[in-house]
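K.L.:
Mind looking over this structure? Questions follow.
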Amino acid sequence: MKQPNKITVYSKGYCPFCKMAKATLNKLGLRFEELDITNNAQLEHEMKQRSKRRTVPQIFINEQHIGGNDDLQTAFRSGELARILERHSTAA
């Protein structure tokens with residue numbers, strides 16, 4: 001049985017790159033959990049620990065770090081995003 005991918009997006013409310021990344025995921029019909037770190041030091045620390053990066057957004061598919069908006073857009077255009085989604089959904 002296929003399990004849906006768990007997509008997590010760490011973001012800040014005022015971030016235009018976060019909005020672009022979420023718009024792309026929505027356009028693709030992908031459900032995701034948004035973790036707004038704007039005023040949440042604990043979530044911000046978690047994001048930095050998981051991604052080893054300080055900027056938002058940071059996007060994860062299951063436990064695989066995709067990166068920020070530029071990384072997401074590159075993965076989408078190259079077809080890598082589709083491969084990641086397919087690989088994870090068939091592995092369950």
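K.L.:
Pairs, please: C-beta under 9 Å, at least 6 apart or cross-chain, first residue under 14 Å from ILE61 (Cα atoms) and in segment 12-34, second of a type in the set (Phe, Trp, Tyr) and not in a helix (DSSP H, G or I)?
P.N.:
Close Cβ pairs (under 9 Å, with a partner that is of a type in the set (Phe, Trp, Tyr) and not in a helix (DSSP H, G or I)) amount to LYS22/PHE32; LEU25/PHE32; GLU34/TYR10.
K.L.:
Moving on to the next point. Is it the case, given these coordinates, that ARG53 is at pLDDT 95 or above and of a type in the set (Lys, Arg)? Break it down stepwise before answering.
P.N.:
Details: at pLDDT 95 or above: yes; of a type in the set (Lys, Arg): yes.
Taking the combined requirement at face value, the residue satisfies it.
K.L.:
Name the pairs whose Cβ atoms lie under 6 Å apart, with the first residue in segment 76-88 and under 14 Å from LYS27 (Cβ atoms), the second in a helix (DSSP H, G or I) and modelled with pLDDT of 95 or more, and 6 or more positions between them or separate chains?
P.N.:
Pairs found: LEU81/ALA75.
The values are calculated or read from the model by the stated rules, or taken from the named source; none is laboratory data. Keep in mind the model is a prediction, meaning the values are calculated, not measured. As a convention, Cβ positions derive from the backbone with ideal geometry for all residues, glycine included, and neighbour counts pool all protein chains shown.
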